[in-house]
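Student: My structure is below; once you've seen it, I'll send some questions.
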There are 4 protein chains.
Amino acid sequence: MTLSYGREYLAIPGPSVMPDRVLRAMNRASPNIYEGDLIDMAAGLIPDLRRVARTEHHVAIYIANGHGAWEAALANTVAPGEAVLVPATGRFGHGWADMAQGLGIETDIIDFGKSTPLDAGRVEEALRADTAGRIKAVLVTHVDTSTSIRNDVAAVRAAIDAAGHPALLMADCIASLACDVFEMDAWGVDVIVAGSQKGLMVPPGLSFVFFSPRAAEVRAAMPRVSRYWDWTPRANPQGFYQYWGGTAPTHHLFGLRESLDMIHGEGIEAVWTRHAALARAIWAACEVWGQHGPLALNMPDAAHRSHAVTSLRIGAPHGSALRGWLQDKAGVTLGIGLGMAEPNDPAWHGFFRIGHMGHVNAHMVLGVLASIDAGLKALDIPHGQGALEAASTVIAGAA
Amino acid sequence: MTLSYGREYLAIPGPSVMPDRVLRAMNRASPNIYEGDLIDMAAGLIPDLRRVARTEHHVAIYIANGHGAWEAALANTVAPGEAVLVPATGRFGHGWADMAQGLGIETDIIDFGKSTPLDAGRVEEALRADTAGRIKAVLVTHVDTSTSIRNDVAAVRAAIDAAGHPALLMADCIASLACDVFEMDAWGVDVIVAGSQKGLMVPPGLSFVFFSPRAAEVRAAMPRVSRYWDWTPRANPQGFYQYWGGTAPTHHLFGLRESLDMIHGEGIEAVWTRHAALARAIWAACEVWGQHGPLALNMPDAAHRSHAVTSLRIGAPHGSALRGWLQDKAGVTLGIGLGMAEPNDPAWHGFFRIGHMGHVNAHMVLGVLASIDAGLKALDIPHGQGALEAASTVIAGAA
Amino acid sequence: MTLSYGREYLAIPGPSVMPDRVLRAMNRASPNIYEGDLIDMAAGLIPDLRRVARTEHHVAIYIANGHGAWEAALANTVAPGEAVLVPATGRFGHGWADMAQGLGIETDIIDFGKSTPLDAGRVEEALRADTAGRIKAVLVTHVDTSTSIRNDVAAVRAAIDAAGHPALLMADCIASLACDVFEMDAWGVDVIVAGSQKGLMVPPGLSFVFFSPRAAEVRAAMPRVSRYWDWTPRANPQGFYQYWGGTAPTHHLFGLRESLDMIHGEGIEAVWTRHAALARAIWAACEVWGQHGPLALNMPDAAHRSHAVTSLRIGAPHGSALRGWLQDKAGVTLGIGLGMAEPNDPAWHGFFRIGHMGHVNAHMVLGVLASIDAGLKALDIPHGQGALEAASTVIAGAA
Amino acid sequence: MTLSYGREYLAIPGPSVMPDRVLRAMNRASPNIYEGDLIDMAAGLIPDLRRVARTEHHVAIYIANGHGAWEAALANTVAPGEAVLVPATGRFGHGWADMAQGLGIETDIIDFGKSTPLDAGRVEEALRADTAGRIKAVLVTHVDTSTSIRNDVAAVRAAIDAAGHPALLMADCIASLACDVFEMDAWGVDVIVAGSQKGLMVPPGLSFVFFSPRAAEVRAAMPRVSRYWDWTPRANPQGFYQYWGGTAPTHHLFGLRESLDMIHGEGIEAVWTRHAALARAIWAACEVWGQHGPLALNMPDAAHRSHAVTSLRIGAPHGSALRGWLQDKAGVTLGIGLGMAEPNDPAWHGFFRIGHMGHVNAHMVLGVLASIDAGLKALDIPHGQGALEAASTVIAGAA
């Protein structure tokens, strides 16, 4: 039999659970795009987005997914033939590098593997070695969605400064914005890339590039930037239509308005603290399960774990079996392991991820953990006892 | 801080969690009420409702809540001055009796208290004693939402038959239909009363009276039945408009269509089994918590516990404190204790209820239990250890 | 071919077009029914409903349709064996009388036919003749939805006063509330009956009984009122749950909140003026069409025409043919003729109605008229030329 | 006073009126993006899109607006330094050329003004003159949304062939797809650009590039195409995630599924015929109004008018005044004139447009025309009499 009939719960690392408020705001007739409600509302989006990223500077909203924002960030700052330095800590650093190659950009990749955060010292070394000034930007993945590694972005700023190198510091915050602490201005970040569908709790379809005055200067010196990606008209818009370079993403903007109201209603620092507490509860359970049996957190060092996604190793075929059981029996969809093995490799079935980003509270997370606990038992996968008590203890202490 | 931001979870014993499918079906333009989609769709509702109640007989749909259906059932069968026998096992037996009194009906109440199911032997005695034939019907609450007691309706049928009494057997299934096993025809029930907002997963506003041919005969002999409650035109409708005696509840009917599709898609027996398994998981946790400290299931005998709502005693002020903590910190709304004490009595704060009816799965229930566990810890309410493991073990064994 | 693909337009006299705002407000998760948003919101409904009916007195909200409110009004004020006087100007006066008979009330009906408003003089005569004081109430249909006759309710008050008779004045405003001017207190009306699905723009499922202190006194003297209909607990509620006598119609209440905001945002007098102007545009077109050919307004005297529904005569089979053409070709659903002939009488096909109540503006009404004009041409039904210009002239002059 | 309260009607040339079915399909929880409903559903989108464009070949779906699809089409086929030939018949030809310039492409523009369709003979001349083979593609705007000119795309194919030139034929069908007849394969079109928010009736956020095998060959020979715009992985996708190059536009895809069901349910040819008939009704009214006074269709030749948008000249300040009146008094939003004058030029106020694309039927269009008629009267703008009769006559004849 199945105990899955009920509200299905999606615990993948994006798209995240969409709040009813956001969906309701998007469930509306088309607005006029030249004047009226939409135009009036849209003006407030920019300052409210800035407060999420903790910046006083610019933000361009694109109709695109995160891959589009990757491309946009590069298209505005790095010309074909120039180079970027990419310290990779999982799949998505390589992904961004791949987008760069598609633009004709050279990519110097430092691969830190799948369970180790980047070492800012090696970034500094690489920059010092760049005496020819090839490197235009350092592309850091703040949180890698595949490995759940969280990198120290401020340390990379320090490394760039220590090397005295003019490279821009660009951060991929797709999986971390509005989840993990991030201070764009205080940390000296030049460009942030983000998407709507994770911490921002809006369906996929919007992405964001935040950029500093220094990045704007670099843009100004570019030989050419394609119209669709050019962030200039979005930094100093002449009007709503001009901002969008065509038709605006009307319905998504109403959704974004609602999500920003939710985030600032709770408070961005409270949002960070909530994600941190829920992550600690998840880790506590995982550590207990891991005391006996194969389940292990992919990232050993808690100081470098994402607060929005947790990657786990459990050995094949347990990963796929557990995901299947939770889907079929408990109404929970866990994330597949990504980038840990190729899909046609039997080892592929030994990983899974838990998404815990955005619109997520104690009930939702505890329900996922208890469902995993039931699944481990049902599938006879060895595991330590007391994981759920450990998690509820964290929640009790934090809330 | 709070860990409640996220999808709020409503664990009260009705209204239950409304499925997105149902809400989506209701979010539509007004239909024509004379021909077209609505009329075509409505025809299938009656047979599908019958399958939920396991009857071949009639069902009248009313625009009303459960109290309205209580009144409708009586208005069709018991005239002013006639009597009903009410074995009460909590607040709602008295409530139905009160509705009867409002219609001028005499009520013979046998009060079984708040933690004991009805004793069919005493019903039989009362009927045998009714040599004057005053008693027109026996009103049984299948599941009492306040105490979570589930009564043995078939045993009451046997008692009536043993007494050789012509009284109709009427059952209040408001809190049990599509949750607990119920076999209207097999158990010889003459009238069932139900509402839309619990096991049927449709917002409050519709209620249902199922009735047998014998009940229809009793109706036919009534001196007068008010037009609004008269079930006759709804048993043999001349047309859609006539069925409703005016404007139909258009949007609710589309919601009901969807919920019946969901129920029969899963299978009514699977629905019952799911509720039973989830209830056992809840009881298992509660029993462990109760090993040390004040928490106790209101109904000691598991064989007479509802599968849709669980009433708990925890002592004042723990009940209200725990409800408050879950609301404020975990995003879970528990039900207040009902009928256990007066609201202005300090003892009132010593009870709470968990609703687990309708659109509910392992994730939802386990999340509630783990949230309670965290609350017990946070509030330093003594409790046994291992409750969540006990619950996940039940789920693992059942799913 | 068909030109109906697009947003279908429902021009029947109820349910009316539901505003997106109302539907969106209803498309939400179940709320807690003991505390929180719902309870806080509900408190404001009563004063805002009062402002729609222009009364300082009471209003009871029922989970029921208009027929239920008819029964409720009578159940609270007229006991079995007592009598009501019913001046009927179409189907719905007879319908209310029929509900009265179902309660055992005697009904003295004065039938004014289908194209003549009531004559208050004859009401006065009937009351003067009631020397025995049999008549407990006069039941006036403010607007009859079948004939579109609007009666002069204030004149009936004057007649009752002139006769010195203690009968209550009860008005059916189901088809007129928030459409036609109505002044409950200024006109001396004791009881109003209304429903949610017409001028109030909320899906069917709620109805309303407004009542004066005198009506409350009459209620207090009643031997018995059924619990479901008893308005007493709804006039002086002890609490939210008590108000409802069980589960509240949660989702409808959120819809009602939105509709009341819309009405009072526009202003109730502006709502009346809008309905009046749109009605005049419809009449202007109909009068031109009627200059040549069979189409005629059912109610010759404009001073007694509803501002919310227009009944038309066009001769069989033109009525049904025209309705069919508009449905199939233009995306417009007109109302069937009601009460003018029996459905199995060929003459039945000679009538139709246009609903223009609630959420309706110039675009919507003009589109219906132009669609009818196209239908008359397509079906070769003779009609006067220039109807649409006449209508647009009215709109131009009024807006 | 205002007669605008009611359902507001948006008659701008995009975004168009979104069907309730589409909005309802998008109002849903996030789906899993690795397996399940979304993946199963998405497979059918490609063949159904092909049937809309009448092609057997490829289509790439982008998360972007129409401007993005313009860029995508060029990015896949024309390298920096190569040239395109742009016969412009309004603003959007220049807009596409501008996107080309942003990519470093040279643009040879032949400007045909604002009221004349392109002359294929001049295209042929230009191609014959291109003996150096600079021109890589001819960019034709099928329907220009600003002027409402519809160009003869097949004639351009003939011109290219007559010139024996290898240039690709690329058509902007943003304002025409699923409105005006378009036969991609039969007309020999190599690339079509389209967006979701007009004839396809889905909120802005998706755009489409259809491409022929010849265009695919040209792509294969390109030195480099950016990853975001590269259509290759979308023509031969390895999997759902790979198709999207990141997160898919989950909610939009469910909306698109619904709109394609609606289009093919009606039949693409029926869709075209419906748009044609409604356009003729609009033109008929405009021609009558124009018999006396300033209102004139921008495009004199009906054979080259769009069936989806109608541009009108009425002289300043009548255009803005009329738009304002319809907005404030009738609930209708007309489109501003675009590209006819600069916004700060008083002449800017002398134009307006009517959108009639996608989910639009007789009622909607006739309501707009009658509202305009009322506005002309209210504002004392001279105009011919009988326009609405002329329109209803067209509808009567066509439906």
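Student: Could you say which residue among C:Glu82, C:Glu8 is farther than 30 Å from B:Arg323 by Cβ, touching a helix residue (DSSP H, G or I) at 6+ places or on another chain (Cβ under 9 Å) and not basic (Lys, Arg)?
Tutor: C:Glu8
Student: Take region A:329-346 and flag every residue that is closer than 18 Å to B:Ala391 by Cα and open to solvent by 10 Å² or more (accessible area, probe 1.4 Å).
Tutor: Of the residues in region A:329-346, the ones closer than 18 Å to B:Ala391 by Cα are A:329-332.
Across region A:329-346, the qualifying residue is only A:Lys329.
Student: May I ask you to list the residues in region C:16-56 that are farther than 18 Å from C:Gly246 by Cα, at the interface with chain B (Cβ under 10 Å from one of its Cβ atoms) and touching a Pro at 6+ places or on another chain (Cβ under 9 Å)?
Tutor: The answer is C:Met18, C:Leu23, C:Met26.
Student: Could you list, in sequence order, all residues of region A:196-219 that are within 23 Å of A:Met18 (Cα to Cα) and among the aliphatic types (A, V, I, L, M)?
Tutor: A:Leu200, A:Met201, A:Val202, A:Leu206, A:Val209
Student: Right, something else. Within region D:67-101, take every residue that is assigned to a loop (DSSP other than H, G, I, E, B) and under 18 Å from the mean Cα position of the chain (by Cα) and give me the one that is farthest from the other protein chains (Cβ to nearest Cβ).
Tutor: Restricting attention to region D:67-101, the residues satisfying the condition of being assigned to a loop (DSSP other than H, G, I, E, B) are D:76-82, D:89-90.
Next cut, under 18 Å from the mean Cα position of the chain (by Cα) only: D:89-90.
On the way: D:Thr89: 18, D:Gly90: 15 Å.
Only one residue tops the list, namely D:Thr89.
Student: Which pairs have Cβ atoms under 6 Å, sit 6 or more apart or on different chains, and link a residue in region C:293-306 that is under 17 Å from C:Gly384 (Cβ atoms) to one that is basic (Lys, Arg)?
Tutor: C:Ala296/C:Arg313
Student: Only one of these is within 24 Å of A:Gly331 (Cα to Cα), open to solvent by 20 Å² or more (accessible area, probe 1.4 Å) and not hydroxyl-bearing (Ser, Thr, Tyr): B:His307, B:His349, B:His356, B:His318. Name it. Outline the logic, then answer.
Tutor: Details: B:His349 fails: within 24 Å of A:Gly331 (Cα to Cα); B:His356 fails: open to solvent by 20 Å² or more (accessible area, probe 1.4 Å); B:His318 fails: within 24 Å of A:Gly331 (Cα to Cα).
B:His307 is the lone residue from the list that is within 24 Å of A:Gly331 (Cα to Cα), open to solvent by 20 Å² or more (accessible area, probe 1.4 Å) and not hydroxyl-bearing (Ser, Thr, Tyr).
Student: Okay, moving on. Please indicate, with yes or no, whether at least one residue in region A:30-38 is part of a loop (DSSP other than H, G, I, E, B) and among the aromatic types (Phe, Trp, Tyr).
Tutor: yes
Student: Can you name the residue in region B:298-335 that is under 30 Å from B:Glu269 (Cα atoms) and of a type in the set (A, V, I, L, M, F, W, C) and, of all such residues, is nearest to the other protein chains (Cβ to nearest Cβ)?
Tutor: B:Val332
Student: Here's another thing I want to ask about it. Looking at region A:390-399, can you tell me whether even one residue there is more than 8 Å from chain B (Cβ to nearest Cβ) and open to solvent by less than 10 Å² (accessible area, probe 1.4 Å)?
Tutor: No, there is no match, as no residue in region A:390-399 is more than 8 Å from chain B (Cβ to nearest Cβ) and open to solvent by less than 10 Å² (accessible area, probe 1.4 Å).
Student: Right, C:Leu103: within 26 Å of B:Ile61 (Cβ to Cβ) and modelled with pLDDT of 95 or more or not?
Tutor: It is true that C:Leu103 is within 26 Å of B:Ile61 (Cβ to Cβ) and modelled with pLDDT of 95 or more.
Student: Which pairs do you get when a residue that is free of Cβ contacts under 8 Å to residues at least 40 places away in the same chain and buried (at least 21 other Cβ atoms within 10 Å of the Cβ), found in region C:158-170, comes within reach of a residue that is outside any helix (DSSP H, G or I) and among the small types (Gly, Ala, Ser), reach meaning Cβ atoms under 6 angstrom, with the pair 6+ apart or on two chains?
Tutor: Here the result reads C:Ile160/C:Ala167, each pair linking region C:158-170 to a residue that is outside any helix (DSSP H, G or I) and among the small types (Gly, Ala, Ser).
Student: Quickly run through region D:306-317 and pick out the residues that are assigned to a loop (DSSP other than H, G, I, E, B) and within 27 Å of D:Leu177 (Cβ to Cβ). Please lay out each step first, then the result.
Tutor: Let us first name the residues in region D:306-317 that are assigned to a loop (DSSP other than H, G, I, E, B), namely D:306-308, D:314-317.
Those that are assigned to a loop (DSSP other than H, G, I, E, B) and within 27 Å of D:Leu177 (Cβ to Cβ): D:Ser306, D:His307, D:Ala308.
Student: Another question, then. As an exercise: evaluate A:Asp185 against (1) touching a residue at least 40 places away in the same chain (Cβ under 8 Å); (2) buried (at least 24 other Cβ atoms within 10 Å of the Cβ) and give the number of the one condition it does not meet.
Tutor: (2)
Student: In addition: Is it fair to say A:Ser4 is part of a loop (DSSP other than H, G, I, E, B) and within 17 Å of B:Pro19 (Cβ to Cβ)?
Tutor: Yes: the conditions hold for A:Ser4.
Student: Please go through region B:348-364 and pick out each residue that is facing chain A (nearest Cβ under 8 Å) and among the β-branched types (Val, Ile, Thr).
Tutor: Selection gives B:Val360 alone.
Student: Could you say whether any residue in region C:318-331 is assigned to a helix (DSSP H, G or I), of a type in the set (Asp, Glu) and assigned by TED's automatic domain parsing to the domain that holds C:Ala378?
Tutor: yes
Student: Answer yes if at least one residue in region A:342-356 is among the charged types (D, E, K, R), in a loop (DSSP other than H, G, I, E, B) and not assigned by TED's automatic domain parsing to the domain that holds A:Leu260, and no otherwise.
Tutor: Within region A:342-356, one or more residues are among the charged types (D, E, K, R), in a loop (DSSP other than H, G, I, E, B) and not assigned by TED's automatic domain parsing to the domain that holds A:Leu260.
Student: I'm trying to understand the selection: among the residues of region D:365-385, which are of a type in the set (A, V, I, L, M) and either within 23 Å of the chain's Cα centre (by Cα) or facing chain C (nearest Cβ under 7 Å) (or both)? If you could, list the steps in order and put the result at the bottom.
Tutor: Our first condition is that a residue be of a type in the set (A, V, I, L, M); within region D:365-385, this holds for D:365-366, D:368-370, D:372, D:374, D:376, D:378-379, D:381.
Once the filter is applied, which keeps residues that are of a type in the set (A, V, I, L, M) and either within 23 Å of the chain's Cα centre (by Cα) or facing chain C (nearest Cβ under 7 Å) (or both), region D:365-385 yields D:Val365, D:Leu366, D:Val368, D:Leu369, D:Ala370, D:Ala374, D:Ala378.
Student: Check A:Val288 against each of (1) open to solvent by less than 10 Å² (accessible area, probe 1.4 Å); (2) among the aliphatic types (A, V, I, L, M); (3) in contact (Cβ under 8 Å) with a residue 60 or more places away in the chain and name the one condition it does not meet.
Tutor: Of the numbered conditions (1) open to solvent by less than 10 Å² (accessible area, probe 1.4 Å); (2) among the aliphatic types (A, V, I, L, M); (3) in contact (Cβ under 8 Å) with a residue 60 or more places away in the chain, the odd one out for A:Val288 is (1).
Student: Which number in (1) assigned to a loop (DSSP other than H, G, I, E, B); (2) touching a helix residue (DSSP H, G or I) at 6+ places or on another chain (Cβ under 6 Å); (3) of a type outside the set (Ser, Thr, Tyr) marks the one condition that B:Gln291 misses?
Tutor: All conditions pass for B:Gln291, except number (2).
The values are calculated or read from the model by the stated rules, or taken from the named source; none is laboratory data. Fair warning: this is a prediction, and the values are worked out from it, not measured in the lab. When we count neighbours, we look across all protein chains shown, and the Cβ atoms used for this are built from the backbone with ideal geometry, even at glycine. Surface areas here come from the heavy atoms of the whole protein model, side chains and all, with no ligands, DNA or RNA. Shrake-Rupley method; radii C 1.70, N 1.55, O 1.52, S 1.80 Å.
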